[in-house]
C-alpha cells in the first residue's frame with residue numbers, strides 16, 4: 001500500500017503543472033457531447049529537451065567517494081545491479097541511461113574516510129595527473145582546498161544552474177564574488193539526507209492536544225515561539241523522582257549545533273557579506289546578539305529540552321536519540337537521514353522544517369550539516385567538457401527519477417504514510433543552504449557560540465571579542481582568494 005501511495009504521489013509530481021514531465025505534453029479539452037470548448041491545446045515545455053550530449057565512447061567518468069559506512073546517510077553514487085530496492089534501482093537506471101547516451105562508463109572508487117579522500121586530492125593535483133573526474137567530499141573538508149586553488153569553478157564546467165536539478169540555494173550560499181567551486185544538486189542523495197528539520201511524535205502531540213503542526217507550517221506560524229509553547233506542555237517527570245533526568249519526557253532532544261543551525265533557519269548570515277559579496281565581520285551584529293539570546297531562551301535555558309552533553313544517561317548504551325525513539329520527546333532535532341532509525345518506532349511521527357525565527361520570515365530555511373558532501377573537479381583534470389556534460393545529464397536523470405525514489409524510501413520507514421509527509425519534505429528541500437562560517441570555520445566562531453550556549457552563558461559579546469582577531473585573519477584569506 002505504501003508503494004502504491006508513493007507511486008501515485010510520484011505520478012502527481014510529474015504532471016505537467018509541476019513542470020517535471022519528460023517530454024512535451026499536450027493537454028486536450030475534455031470531449032463530451034455538451035462541450036463547446038474550442039480552446040487550443042496547451043503545450044508544456046520539455047525541461048529535458050536541451051540537455052547537452054556527445055559521443056565519448058570508451059571514456060570513463062570516475063567518481064571518488066567515501067565508503068558508504070554512515071549509519072544515517074546514503075552516500076551512494078552507483079549501484080552495480082538491480083536489487084529490487086526502489087532507490088538502488090533508480091540510481092542503477094540513472095547511471096546506465098547516461099552511460100548509453102554518452103558512450104561512457106561510470107565508476108566509483110571509495111576511500112575509507114574523508115581524510116583519505118582529501119589526501120588523494122592533494123596528491124593527484126600535485127602530480128598533475130588526476131585519475132578521478134569528480135570528488136564527492138564533505139564540504140568542510142574541501143573548504144581549505146578551495147582556498148588553495150585546487151578546483152575549477154562551476155562556470156568552467158558549463159553546467160546550467162538555472163535547471164531545477166541543480167540546488168541553487170546551496171550553491172549560492174557557497175558563492176563569493178560570483179564564483180562557486182562546489183557542485184550541488186539532485187545527483188547527491190546525501191544533500192537530502194543531511195538536511196536538518198524537526199521530526200515530531202504525532203502520537204504525543206495528539207495526547208497533549210497540540211495544534212496541527214502541519215497546518216502551522218502551511219500558515220507560516222511554525223516559529224520558535226510556537227515550538228517553545230508546545231515544548232512547555234510536553235515535559236513530564238516520567239519516573240516521578242522530582243529531578244530532571246534522562247528518565248523523563250522532554251519537549252525536544254537534539255545536539256549542540258541546534259544553536260547555530262537555528263540562527264541559519266532564522267535567516268541570519270552569521271558572518272555577513274559586504275557590497276562585493278565577500279564575507280566581513282568587523283563586530284557581531286545586533287541581529288546576531290538578538291537571535292542568540294532568543295534561541296538560548298527557547299532551547300538552552302529550558303529544562304524542557306535535552307541537549308546532548310547536558311545530562312548523563314544511567315544506561316551508557318542510550319543517548320539523545322533514545323529519548324525520541326522510546327517516545328519520550330516531542331521534537332527530535334536531527335537530519336532527515338536519521339529517520340531510518342525509526343523504522344520500529346511504536347508511535348506515529350512526522351517531518352517538520354526548522355521553525356522560522358518569527359512569522360515575518362518569508363519562508364522556511366533548511367540548514368545542511370557542514371559535513372554533507374559536495375562535488376568538485378580538480379584543475380589537474382583535462383576532460384572538463386565531458387565531465388560537465390555527464391554531470392548535467394546525471395543530475396537531470398536524478399531529478400526525473402531518483403528524487404521520487406528517495407521520497408518513497410523515506411516514507412517506507414514510517415508507520416503511516418500521509419499526504420503531509422510529501423508536502424513537508426518538499427518544504428524542507430525547497431530552501432536548503434550551507435552556512436559558510438560552518439564550512440570555513442572562520443576563527444572557530446561556531447564552536448564559541450555553541451559552547452557558550454551549552455555552558456548556559458547568555459552573554460556572548462566578550463567571547464566573540466576574544467576571538468575577533470582570529471575571525472578577521474581567516475576572513476582575509478577567504479576574501480583574498482575569492483577577490484583575486
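Computed from the coordinates by the stated procedures, all read-outs in this text should not be read as laboratory data. Predicted, not measured: the structure shown is a model, and the values here were computed from it. So basically every Cβ, Gly included, is an ideal-geometry build from the backbone, and we count neighbours across all protein chains shown.
With viscosity set to 0.890 mPa s and temperature to 25 °C, compute the Stokes-Einstein D of segment 441-484, Rh being the Kirkwood radius across alpha carbon pairs; µm²/s, no decimals. Please report the intermediate quantities before stating the final value.
On the way: Rh = 11.2 Å.
This corresponds to a translational diffusion coefficient of 219 µm²/s.
Once R0 is set to 60 Å, what does the formula 1/(1 + (r/R0)^6) return for the Cβ-Cβ distance between residue 301 and residue 55, expressed as a FRET efficiency to the nearest 0.05?
On the way: r = 63 Å, r/R0 = 1.06.
About 0.40, to the nearest 0.05.
Could you tell me the calculated FRET efficiency between residue 412 and residue 314, based on Cβ-Cβ distance and R0 = 41 angstrom, to the nearest 0.05? Walk me through the numbers on the way to the answer.
Numbers: r = 34 Å, r/R0 = 0.83.
After rounding, the FRET efficiency stands at 0.75.
As a check on your grasp of the helix formula, calculate [θ] at 222 nm for the chain: sum -39500 (n - 2.57) over DSSP H runs of n ≥ 4, divide by the residue count, round to the nearest 500.
On the way: 19 runs with 187 residues, N = 484.
Computed ellipticity for the chain at 222 nm equals -11500 deg cm²/dmol.
With the crude spin-label approximation of a point 7 Å out along Cα→Cβ, what separation in nm comes out for residue 467 versus residue 168?
Each label point lies 7 Å from its Cα, and together they span 3.4 nm.
Over 12 Å apart: what share of the alpha carbon pairs of segment 169-224 falls there, rounded to a whole percent? Write down the numbers at each step before the final one.
On the way: 1179 of 1540 pairs.
That fraction is 77 percent.
Over the alpha carbons of segment 209-263, what is the largest minus smallest coordinate on each principal axis, giving the biggest first in Å?
Over segment 209-263, Cα extents along the principal axes are 39, 30, 14 Å.
Using only the alpha carbons of segment 272-366, what is the convex hull's orientation-averaged projected area in square nanometres?
Computed as one quarter of the Cα hull surface, the answer is 9.3 nm².
Note down the Stokes-Einstein diffusion coefficient of segment 213-323 in µm²/s, whole number, using a Kirkwood radius over alpha carbon pairs, 10 °C, and 1.306 mPa s. Spell out each step's value before the answer.
Working: Rh = 16.1 Å.
My calculation gives 99 µm²/s for D.
Expressed as a rounded percentage, what relative contact order does segment 314-424 have, with Cα pairs under 8 Å and six or more residues apart? Walk me through the numbers on the way to the answer.
Values: 47 pairs, mean separation 39.3, N = 111.
Over segment 314-424, the number comes to 35 percent.
Using only alpha-carbon positions, what ratio does the radius of gyration of segment 351-418 give when scaled by 2.2 N^0.38 Å? Mind showing how you got there, number by number?
Numbers: Rg = 17.9 Å, N = 68, 2.2 N^0.38 = 10.9 Å.
My calculation over the Cα atoms of segment 351-418 gives 1.64.
Please compute the Cα-Cα pair-distance distribution of segment 323-476 with 10 Å bins starting at 0, giving whole percents from short to long.
8, 24, 30, 24, 13, 1
Using alpha carbons only, what's the Rg to Rh ratio of the chain with Rh from Kirkwood? Mind dumping the intermediate values first?
Working: Rg = 23.7 Å, Rh = 24.1 Å.
In the chain, Rg relative to Rh is 0.98.
Kirkwood Rh and Cα-based Rg: tell me the resulting Rg over Rh for segment 41-140, rounded to two decimals. Display every interim value, and only then the final one.
Working: Rg = 16.7 Å, Rh = 15.8 Å.
On the Cα set of segment 41-140, Rg over Rh gives 1.05.
So, how do all the Cα-to-Cα distances of segment 134-259 break down into 5 Å bins, in percent, from 0 on up?
2, 8, 14, 15, 12, 10, 9, 10, 9, 6, 3, 1, 0
In nm, what is the difference between 0.36 nm times the number of residues separating residue 358 and residue 107 and their Cα-Cα distance? Don't skip to the end; give the middle numbers.
Values: separation 251, 0.36 × 251 = 90.36 nm, distance 4.65 nm.
Length difference between fully extended and current span is 85.7 nm.
Using just the Cα positions, wrap segment 77-202 in a convex hull and report its mean projected area in square nanometres, one decimal place.
Working: hull surface 43.1 nm².
Across all orientations, segment 77-202 yields a mean hull projection of 10.8 nm².
Given contacts defined as C-alpha pairs under 8 Å and at least six residues apart, what's the relative contact order of the chain, whole-number percent? Working shown, then result.
Numbers: 830 pairs, mean separation 115.3, N = 484.
Contact order relative to length: 24 percent.
Rounded to the nearest 0.05, what FRET efficiency is calculated for residue 147 and residue 207 with R0 set to 45 Å and r the Cβ-Cβ distance? The partial results should precede the final answer.
On the way: r = 51 Å, r/R0 = 1.14.
That gives a FRET efficiency of 0.30.
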